[in-house]
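Structure record follows, encoded as structure tokens.
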Amino acid sequence: MNRYIELIKNAYSGYWNYLKDLVLFEVQLENYFYGLIIISLFTWLLELRFPWRKNQPIFRKDFWLDTFYMFFNFFLLNLIVLIALSNVTEQFLNDTLEIVNLSVASFQLFEVNSFPYVLKLLVFFISLDFIQWFTHILLHRYEFLWNFHKVHHSVKQMGFAAHLRYHWMEPVLYNSLKYIVLAIMGGFTIQDVAIVHFFNISIGHLNHANINLDYGLLKYVFNNPKMHIWHHAKELPPERKNGVNYGITLSIWDYIFKTNYIPYDGRDIEIGFKEDEKFPKDFIGQELYPFRK
């Protein structure tokens, strides 16, 4: 037990120092703090220059709430929960496997470091995106998980910052399943993860942005605003009641597994979920909602 307590303490102190280094620009190439700010400002400028819903305010409904969510979930949530949790989970898994004379390496299917670098990143990116797509489906299919995911779907006017409005329990599930990808491949550096992460954040911001953006034929590969708006649609046909267009960065999974749905231009559709008018409007209320439910 003392071992795990020490692990948690080191995780907190280590991440706090890392966070300070990010803000003070001691970390440069993989600086998530300023990277997020740059991506957000760029996407917001695109919203202002090429708005899809031209009557939507510059500071749309819940703009500042979503901005708070963006920084809380991207940085403070890691400090409060995820870093310590992931370190403890990893150590617990290793300790458990040792009992039966196994290790995480026992489940490694192949060594990606033997791949050319670009192929290595591509395999990592595609595998990770598929796991996220599948996890996203679980959030919609099971009532217990859906009550957490409602926080994300409580957005009533879509904009780039809505991308990172989600309950803190979501990344617990996502990260647990993403660990499978890392375990079976291994060999990824922090720079590899940063490259894929920044790309995913960029596409995620664009998916949620109020941008009149058409990817052409690439819409069948990458998620986009005109596809993702239907994922947030308040009204869907009965056969699609559990949701549509689950893609995170790639849209291809939805086309392959027939979960795609774009019946017409969804620019002005109502977004949300049934009885969302009763859903809490403040951060604390939204965070407590699933537990009260």
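Derivation of every value follows stated rules applied to the coordinates shown; laboratory data play no part. This one's a predicted model, so the numbers in the text were calculated from it and none came from an experiment. Because the Cβ atoms are built from the backbone with ideal geometry, glycine has one as well, and the counts that use them run over all protein chains shown.
Placing unit charges on the Cβ atoms of the charged side chains and taking the dipole of segment 160-293 about its Cα centre, the candidate lying farthest along the positive direction among Leu218, Gly285, Ala194 is Gly285.
For the listed peptides 205-211, 189-195, a ranking on the average number of other beta carbons within 10 Å per residue, highest first, reads 205-211, 189-195.
Rounded to the nearest 20 debye, the dipole magnitude of segment 153-293 is 200 debye, with +1 charges on Lys and Arg beta carbons, -1 on Asp and Glu beta carbons, and the Cα centre as origin. Amide H contacts under 5 Å for Leu250: Asn223, restricted to partners 5 or more places along the chain or on a different chain, H placed in the peptide plane at 1.01 Å from N.
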